[in-house]
Amino acid sequence: MTTMMGISLGGRLVLSVGGGDVAARRIRRFLLDGAVVRVVAPELGEQTARMVAENTLEWHAREVEPADLDGAWLVHTATGNARVDGRVAALCDERRILCVNAGSGAHGSARLAAETRSGDSIVGVVSDSGVDPGRTGALRDAIADRLREGGLPVRRRRPTSVGHVHLVGGGPGPVDLLTVRGRRLLAEADVVIVDRLGPVAVLDELSPEVEIIDVGKRPTHHPVPQSEINELLIDRARRGLRVVRLKGGDPFVYGRGGEEVEACLAAGVPVDVVPGLTSIVSVPEAAGIPVTHRGTAAALHVVNGQDSPTDATLAALRDPQTTTVVLMGVSALTRFADAALSAGADPSLPVAIVESGHTDAQRTTRAPLADIAERARVTGVANPAVMVFGHVAAAELLLPALGTNGTPARTSVSAGQSR
């Protein structure tokens, strides 16, 4: 029978006997665990030689001797010679040192599990009898896939002494556009503080024990001020909880993520940021609009539509080689378009407004700059929407974005049409 144990090798001596490819793979793993590695082998293969050189490992270029085991906590032997490996395993048994014997089907007194990791959780797979690395590796990979998808219960049941805040960019909304890391952190979370534009469908997958706090903002309606959101993050983390701040798009693109990081750091709370697909690029993509395109647009200018157009923005709108993407600007569209026209922007400049990108309600409204405000009013354009000003927004530039069945995926409304 085999008993699985988690053994810490950090700072402890591991003896590696043999210098071939198997030894190289195992040495790499020992080093990742923080072990001190001693190598004994008459010759080294290319991979092992590189690892010895890069990590300045202790190497004895000779056959193994009993004294080489002095001070070792674990021995790994992979010489390719069953007799030598067996002798090393016997020496380990005499001295009560755990030994992984790669040259024997019994694998010595210890076995290295096929491992996969998710945060601070490590899952290992070993065979109880006999050695079948293909099977254990396949099972490990299947478990790893489920961990990456956030489909296994990896959330801690006991709070830690110090919590952690993760600002996770959720992308434009669909759960399958959330990053693998973001999905894993959600599976580990004790608390999720969420915006209305994030991939909220993923919340249905979480344990009922996870605290979910909705702090979503809407135009002219901010029920939870940013200062209170910051305090929520800090309070839950100080309780030793894992906190995910789930945002739409990317935390550092008009998401006030920088302010939340500053607040956490000032309070001494560990914090990190997981990027997400920003709507600047991903929402136009859903409508088949590239924000840059060879021969059409070589530069990208991004604007918060609630702000008055700056000189830089007006210059970008006059430049035929620049695409200007406007976020959160539906209510200010008339003012924005009038300012652009007054500053000398081409009245025929193509404009596309993509509403509810990557959802079943997605719709694209197109018109020239001179007509876009009226066209948006007639068709009832509403948030959330991303506005694209530039020649990349012309309907004839590319084929329409296609759905999985090869048909146009979303509705498009152009000048002269109404919904």
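Just a few scattered comments:
- Under the condition of being among the β-branched types (Val, Ile, Thr) and either at pLDDT below 95 or over 12 Å from VAL168 (Cβ atoms) (or both), the residues counted in region 231-252 number 1.
- If only residues of region 363-398 that are part of a loop (DSSP other than H, G, I, E, B) and in contact with a strand residue (DSSP E or B) (Cβ under 6 Å, 6 or more places away or on another chain) are counted, the one that is modelled with the lowest pLDDT is ALA395.
- The single condition among (1) out of contact with any strand residue (DSSP E or B) (no Cβ under 7 Å at 6 or more places or on another chain); (2) within 18 Å of HIS166 (Cβ to Cβ); (3) at pLDDT 95 or above that GLU228 does not meet is (2).
- Of all the listed residues (VAL200, VAL162), the sole one being modelled with pLDDT under 90 and farther than 26 Å from PRO384 by Cα is VAL162.
- With respect to (1) under 20 Å from the mean Cα position of the chain (by Cα); (2) modelled with pLDDT of 95 or more; (3) under 22 Å from VAL354 (Cα atoms), the lone exception for GLY255 is condition (2).
- Restricting region 256-273 to residues that are touching a residue at least 40 places away in the same chain (Cβ under 8 Å) and surrounded by fewer than 23 Cβ atoms within 10 Å (Cβ to Cβ), the residue that is nearest to ASN383 (Cα to Cα): GLY257
- Which listed residue is farther than 30 Å from ARG146 by Cβ and of a type in the set (Gly, Ala, Ser), from GLY6, GLY86, GLY10: GLY86
- Residue pairs whose Cβ atoms lie under 7 Å apart, separated by 6 or more positions or on different chains, with the first residue in region 43-56 and under 17 Å from PHE30 (Cβ atoms) and the second of a type in the set (Lys, Arg) and surrounded by 12 or more Cβ atoms within 10 Å (Cβ to Cβ), are MET51/ARG28.
- Taking the conditions (1) in a strand (DSSP E or B); (2) touching an Asp or Glu at 6+ places or on another chain (Cβ under 9 Å) in turn, PRO320 satisfies each one other than (1).
- Within region 127-151, considering residues that are crowded, with 16+ Cβ neighbours inside 10 Å and not in a helix (DSSP H, G or I), the one modelled with the highest pLDDT: SER127
- Of the candidates VAL273, VAL202, VAL192, VAL224, the single residue that is touching a Gly at 6+ places or on another chain (Cβ under 8 Å), not in a helix (DSSP H, G or I) and not aromatic (Phe, Trp, Tyr) is VAL273.
Yes or no, residue by residue, for (1) modelled with pLDDT under 95; (2) closer than 24 Å to VAL126 by Cβ:
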{"site": "VAL14", "(1), (2)": "no, yes"}
{"site": "ASP21", "(1), (2)": "yes, yes"}
{"site": "ARG26", "(1), (2)": "yes, yes"}
{"site": "GLU46", "(1), (2)": "yes, no"}
{"site": "MET51", "(1), (2)": "yes, no"}
{"site": "THR56", "(1), (2)": "yes, no"}
{"site": "TRP59", "(1), (2)": "no, no"}
{"site": "ALA106", "(1), (2)": "yes, yes"}
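- Looking only at region 323-359, and only at residues there that are hydroxyl-bearing (Ser, Thr, Tyr) and part of a loop (DSSP other than H, G, I, E, B), the one that is nearest to GLY390 (Cα to Cα): SER348
- Residue in region 335-355 that is within 30 Å of GLU231 (Cβ to Cβ) and crowded, with 19+ Cβ neighbours inside 10 Å present: no
- Residue satisfying condition, being touching a helix residue (DSSP H, G or I) at 6+ places or on another chain (Cβ under 8 Å), at negative phi and modelled with pLDDT of 95 or more, within set PRO275, PRO270: PRO270
The values are calculated or read from the model by the stated rules, or taken from the named source; none is laboratory data. None of these values were measured; they are calculated from a predicted model. Cβ: placed from backbone, ideal geometry, glycine included. Neighbour counts: every protein chain shown.
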